[in-house]
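The values are calculated or read from the model by the stated rules, or taken from the named source; none is laboratory data. Quick caveat: nothing in here was measured; it's all calculated off a predicted structure. Backbone-built Cβ (ideal geometry, glycine too); neighbour counts: all protein chains shown.
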Amino acid sequence: PKDVVLVIDVSGSMKDYGRMDIAKEAAITIVETLTVADRVAVVSFSSRAAQIGGFNSLIRATNENKERLIKAIKNLEANGATNFYDAFNTAFNALDKTIRSESTSGCNIAVLFMTDGRISEGPGANEVIKLVNNRTEQLSATFNRNTTLFTFSLGQQADHAATKSIACSTNGIWTPVDDFTGDLVTAMSSYYKLFALGLGEGGNEDFTAWVEPYEFTNPAGKMGTTVSAPVYDRSVKPPLFLGVVAVDSYMDALEQVLGEDATSSTMMQRFVMLSTAICPKLELTECELDALRFLGGGEEATCGVCNSTYTGIIPETCSFQSDLPNNLFHNTDTEGKKYEDRACCESGGIVPSDSCSPDKLSGGAI
């Protein structure tokens, strides 16, 4: 579980090079990946900042709330100046209000800040950095909450120095995104990677995430859910995140066993509990943080605090061979083959044969 605040620049320059659409796509992607165990808020800013969607604090990431936020994101329009200070102040105010009202996830905080410009209104970069440091320290000292800032500079006109300084001074992660070759969704890999690391250890080894029950497309109207689990290489420290495995299932069996309707509030609460991991303490070394920065934006994005390799976060590459797994499941070797060709035993046997002859098939092939 986590508290996530998306801060989106909607100043006039965001109209250039399709940046507004890029930021919207990235923000929507983040919102869609959240589960009912998470809390979320979206702040837009230009000359002034405001929380969108009709909310004034973080909300639970239910399907209904996510749809409302996505609609508000799609309706954003670019206009006005660029006020970093008000943007961050509004984001931290929303977090503070949420925590004080005990509506928080109670776990780690992520603030994702997307901008294409330079500060043109409000206090300057030094005051912004001071504000961010003070507010993150306050969240830590008062509520024992860890906050990670992810700042993204869109295009060549963006003030790389300010957004990078904000991230580096708060143990955060800065990523530059080029107008022509950049991909903001991909650049946000550091965000996903950081929280994936937390699920790799600290009592979360058997964690699974359950999606709020939803209507399947085929068959239409059939209620179902998706359960997923992260996959790690645990031979390295910290565990190396490889990917996710997931399976879809109908709600019929769960409704029968639990005696609850798929759309009931009680069923929803069960899914919240199932999707709530033990809150991991994200204690990364300077080198591990720089590895995440490198992952998103290359050497330019690092804060220059680590001269070693990034073992554990990014696999080292070997000549002529990828270190990433290429066959996680044994049955990919027989993909596309008929069942008889994949597993055929003599009646009563347990060892698969190379092929299934007619007499083996008649003798009880399995």
TODO: Look at the range 141-181 and say how many of its residues are touching a strand residue (DSSP E or B) at 6+ places or on another chain (Cβ under 8 Å), under 18 Å from T302 (Cβ atoms) and surrounded by fewer than 20 Cβ atoms within 10 Å (Cβ to Cβ).
DONE: 3
Open item on the list: Suppose we filter the range 224-253 for residues that are aliphatic (A, V, I, L, M) and closer than 22 Å to D38 by Cβ; how many remain?
Closed with: 8
- [ ] List every residue pair whose Cβ atoms lie under 6 Å apart, where the two residues are 6 or more positions apart in sequence or sit on different chains, the first residue falls within the range 139-156 and is among the charged types (D, E, K, R), and the second residue, located anywhere, is part of a helix (DSSP H, G or I) and at pLDDT 90 or above.
- [x] R145/L139
